[in-house]
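The structure appears right after this line, and notes come after that.
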Amino acid sequence: MNQPFYNLSAKTLQGKEVTMDQFAGKAVLVVNTASQCGLTPQFEGLENLYHKYQDKGLVILGFPCNQFGNQEPGDEKSIAEGCVINYGVTFPMFAKVDVNGKNAHPVFKYLKSELKGLLGTGRVKWNFTKFLVGKDGKPLKRFSPTTKPEKIEKYLETIL
C-alpha cells in the first residue's frame, strides 16, 4: 500500500476530493478525456469496459483536459452533462486538469514519470492517452490516444 499512486488525490466534477488509496486492490485505468475530440466516441468503449469489468475490480478514472486543440472548453457542469447524456458515462469523472506543463496534475506527473511513452519524453501526446495501474498501485502500461478501449481488454484479463 506504499505505492506513490495511492498518496495522490483529485477533485471530482462535483468538487469532492478523492484520494487514490480508495482504489487500492483495484486495477485503475486513468484517461485524459475531451468532449469535442475526434476520439470522444471512445467514451462508449470505456463505459463498456467499465460495465464488463467493474465487478472484477476495474475502475476507470476520466480526467477532462483542454490542452489539446481546445477540445474541452466547457465547465465541470457541461462536461458532466455531456458525458452522461451523450455516452452514459458512469465511471468517476474528475475536474478539468492539465496533463502537461508546469501545472500538470500530480496524477499525470506521476504516471508520466513511471510510464514515459514511445518517445521517452513522458509528455501526454493527445486526448484519450490511457494509463493502466495494477491492483497494487504500480503503473503497468501506457496506451496511445488511438488505442481503442476494446484493445485494452486483453491486458485487463491478465491482471483482474
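Nearest-5 percent of antiparallel DSSP beta bridges in region 4-159?
55
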Can you tally the lysine pairs in region 6-92 where the Cα-Cα distance is under 24 Å and the two residues are eight or more apart, or on different chains? 6
Most to least packed among 151-160, 106-115 [average Cβ atoms within 10 Å]: 106-115, 151-160
Among G74, T33, L111, flag the residue with its Cα farthest along the positive direction of the charge dipole of region 4-159, charges on Cβ as +1 for Lys/Arg and -1 for Asp/Glu. L111
Does region 75-160 classify as rounded, prolate or oblate by the C-alpha gyration tensor (a ≥ b ≥ c root eigenvalues; a/c under 1.5 gives rounded; else a/b over b/c gives prolate, otherwise oblate)? oblate
Residues of type lysines that K125 reaches as a straight line, Cα spacing below 18 Å, ignoring anything fewer than 8 places off in the same chain: K96, K102, K109, K112, K116, K141, K148
With r as the distance between the Cβ atoms of K125 and K52 and R0 = 22 Å, compute the FRET efficiency 1/(1 + (r/R0)^6) and round to 0.05. 0.25
Counting C-alpha atoms alone, how compact is the chain: give Rg to one decimal and Dmax as a whole number, in angstrom. 14.2, 38
Likely footprinting exposure, K52, K96, fewest C-beta neighbours within 10 Å first: K52, K96
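State, as an integer percentage, the relative contact order of region 4-159 based on alpha-carbon contacts under 8 Å between residues 6 or more apart.
Across region 4-159, relative contact order equals 30 percent.
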Packing-based exposure ordering (other Cβ within 10 Å, fewest first) of R142, R123: R123, R142
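Can you tell me how region 15-85 classifies by the Cα gyration tensor, rounded, prolate or oblate, using a/c under 1.5 as the rounded cut?
prolate
Coordinate-derived values only; no laboratory data. Source: prediction; values computed, not measured. When we count neighbours, we look across all protein chains shown, and the Cβ atoms used for this are built from the backbone with ideal geometry, even at glycine.
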